[in-house]
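Nothing in this text is a laboratory measurement; each read-out follows from the coordinates by a stated rule. Quantities reported herein were computed from a predicted structural model and do not represent experimental measurements. Every residue, glycine as well, gets a Cβ built from its backbone with ideal geometry; the counts of neighbours run over all protein chains shown.
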Amino acid sequence: MILDNENGLLLIRNDQLGERIWRSDECYKLIFSPFGKGSYQTNLGDISIDKGEFLIFNPYEDHKQLKATNEKFLVEIKQSLLQETADQLGITETSPEFTLLSYKHPQIRQWMIFVRDFLSLNEGAGSITNQFFLDNSLTQLSIMMLQYGAGSHQIDFPSISSKAIINDVTNALKESYCENWTLEEMAQVARLNKYQFAHLFKEELGLSPYSWLQLYRLLRSQYSLLHSNDSVLSTALNHGFKSVSSYNQLFKKMYRKTPTEFRRIHGFNK
């Protein structure tokens with residue numbers, strides 16, 4: 001099933017789920033994995049999407065689908081719609097650029113399930129009905145991407161309603177994210193052993209505890225990077241990174257550019 005209009009496209013398919021050609025689209029592309037694992041190849045390595053997770057490709061991001069399990073759910077949103085939505089939400093300091101990272105968010109998942117079920121039940125409906133639904137759905141998703149998608153416009157990790165013990169841990173990490181947390185210390189906050197805690201955290205958020213903490217540090221560093229003259233080294237160390245090398249590596253992995261390049265593109269102290 002494919003629905004498209006001037007603002008984007010929605011695709012649900014159960015065939016041709018194996019390797020496809022390289023793509024570099026001019027739109028934002030959100031891919032959701034409803035049933036199993038998907039994998040994509042990029043210029044800096046492969047990235048996986050586990051069941052219930054989503055991934056956002058920025059415009060002109062080179063990628064190739066390697067496989068998807070059972071079903072592919074994809075939404076393309078034109079840059080003009082996402083930018084207009086950002087303007088309406090007061091996000092005007094920087095053009096949205098999302099981290100290349102797959103993780104779980106319950107609101108994104110609920111939206112996907114609703115849209116998928118609606119279209120399945122109304123597959124024979126008239127084009128006017130489906131087009132009107134698509135128009136509203138793309139606007140809804142644009143809002144949710146900006147609220148729940150980690151990226152250049154964020155100064156915090158997108159809020160997620162999770163189990164209380166996971167919320168306790170993420171709140172503790174936020175309060176002292178520059179500290180040198182160990183897995184054992186995180187597990188103590190959750191009142192679980194470290195193996196139970198690591199499994200539950202990954203199951204709830206789609207990220208390991210340490211990956212979540214490193215991404216949170218990166219997002220918190222962005223404001224200083226864009227609005228101060230602090231060196232990249234100072235910015236890294238002041239936000240919990242042990243070295244500028246680890247900061248640069250994570251930045252390159254998330255944004256396909258170094259902090260210096262990110263500052264030059266998005267910052268105001270150019």
What whole number of Å gives the distance from the Cα centroid of the stretch 34-53 to the Cα centroid of the stretch 168-196? 27 Å
Give me the Debye-computed log₁₀ of I(q)/I(0) at q = 0.09, 0.11, 0.12, 0.14 Å⁻¹ for the chain, equal point scatterers on Cα only, no solvent, two decimals. -0.44, -0.65, -0.78, -1.05
Please name which of 189, 133, 151 has its Cα lying farthest along the dipole of the chain towards the positive end, using unit charges on Cβ (Lys, Arg +1; Asp, Glu -1) and the Cα centre as origin. 189
Name the residues whose placed amide hydrogens come within less than 5 Å of the amide hydrogen of residue 73, ignoring near sequence neighbours (fewer than 5 apart) on the same chain. 32
Among 167, 180, 238, which one shows the highest mean-square fluctuation when the chain is modelled as a Gaussian network with alpha-carbon springs under 10 Å? 180
If contacts are Cα pairs under 8 angstrom and at least 6 residues apart, what is the relative contact order of the chain in percent? 16 percent
Suppose every Lys and Arg Cβ carries +1 and every Asp and Glu Cβ carries -1, with no other charges. What dipole size does the stretch 164-266 come out with about its Cα centre, to the nearest 20 debye? 500 debye
Under a Gaussian network model of the chain whose springs join Cα atoms within less than 10 Å, the largest fluctuation of 11, 30, 219 belongs to 11
Would you mind computing, in nm to one decimal, how far apart the modelled labels at residue 66 and residue 261 are, each placed 7 Å from Cα along Cα→Cβ? 2.2 nm
If every alpha-carbon in the stretch 164-266 counts as one equal scatterer, what log10 I(q)/I(0) does Debye give at q = 0.23 1/Å? -1.14
Can you compute the charge dipole magnitude of the stretch 2-148 about its Cα centre, using +1 on each Lys and Arg Cβ and -1 on each Asp and Glu Cβ, nothing else charged? Give it in debye, rounded to the nearest 20. 560 debye
Can you work out the base-10 log of I(q)/I(0) for the stretch 66-110 at q = 0.33 1/Å, using the Debye formula on its C-alpha atoms alone? -1.15
Please find, in a Gaussian network model of the chain (springs between Cα atoms separated by less than 10 Å), the residue of 246, 127, 152 whose mean-square fluctuation is greatest. 127
So what is the relative contact order of the stretch 2-148, in percent, for Cα pairs below 8 Å that sit 6 or more residues apart? 29 percent
Estimated dipole of the chain in Debye, rounded to 20 [Cβ of Lys and Arg +1, of Asp and Glu -1, Cα centre]: 700 debye
